[in-house]
Amino acid sequence: MRSITIIFWLLVYTFQSNACQCPLTSLSLGECDKYEIIFRGKVDSVKSCNRNFGEAFFKVSELYKGNIPATFKVLFECGVPCAMNFRVGEEWIIYSNFKQIGNAKIDWCGRSRKYFKFAKEDFYTVTYGNDYEEELVFLRKNLGLHRALAETKNAAENRNLRPSTNQTIFILVCSLLVIILFYWLFNKYFKF
């Protein structure tokens, strides 16, 4: 019984300690093809978590791939052990894919990386096999620089918001009344 307990705790510890490890990737055109959007930008503002996602707004300084405006919102997971952390003023190279129209999402195991003033602090260099400046040179040379889209107001920005509790109750009551009315009219005019 004691050996089973030890094995159980070793397995739990192993899974917890490897939770934030990602497969090693090298910078290549094939790796860049995995992403719909690649850009370099500075964090302009950050919204805290809303339903497991935070929002980081970037001022795009160099666009390498994708069609996005000069100010772009990126969703990131928060409240999880491997959550990404953004601070206003930080410079990042972002690799992401669209989650919805106008909303991109970045993942912990994606290639996105932050700029560090001191090269010794840049832990991404060990993981990716190249430093921040080498990555910029590669992106400029192989993907080129693209122009960001003109700023437009997104009319569908709030379309995926859930209704409040009162709105949900109102919708359900109205639906129930329509069903009752339909049933009454059907029985009144279509008697068999």
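The values are calculated or read from the model by the stated rules, or taken from the named source; none is laboratory data. Bear in mind the structure is a predicted one, so any value in this text is a computation, not a measurement. We place every Cβ from the backbone using ideal geometry, glycine too, and count neighbours over all the protein chains shown.
Numbers for the structure displayed
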quantity: Residue list for the stretch 99-108, restricted to those being in contact (Cβ under 8 Å) with a residue 60 or more places away in the chain and not in a loop (DSSP other than H, G, I, E, B); calculated: Q100, A104
quantity: Answer residue from the stretch 23-53, given it is under 25 Å from R87 (Cβ atoms), without any contact (Cβ under 8 Å) to a residue 40 or more places away in the chain and in a loop (DSSP other than H, G, I, E, B) and is farthest from the chain's Cα centre (by Cα) among those; calculated: R51
quantity: Residue satisfying all of: in the stretch 109-157; in a helix (DSSP H, G or I), modelled with pLDDT of 85 or more and of a type in the set (K, R); surrounded by the most Cβ atoms within 10 Å (Cβ to Cβ) among these; calculated: R140
quantity: Residue satisfying all of: in the stretch 135-153; among the charged types (D, E, K, R) and in contact (Cβ under 8 Å) with a residue 12 or more places away in the chain; nearest to P23 (Cα to Cα) among these; calculated: E135
quantity: Members of the stretch 76-98 found to be part of a strand (DSSP E or B) and over 19 Å from A148 (Cα atoms), listed by number; calculated: F76, E77
quantity: Enumeration of residues in the stretch 59-95 that are within 13 Å of the chain's Cα centre (by Cα), crowded, with 16+ Cβ neighbours inside 10 Å and closer than 21 Å to K117 by Cβ; calculated: M84, F86, I94
quantity: Boolean, S175 is more than 30 Å from G30 (Cα to Cα), under 40 Å from the mean Cα position of the chain (by Cα) and either modelled with pLDDT of 90 or more or surrounded by 10 or more Cβ atoms within 10 Å (Cβ to Cβ) (or both); calculated: yes
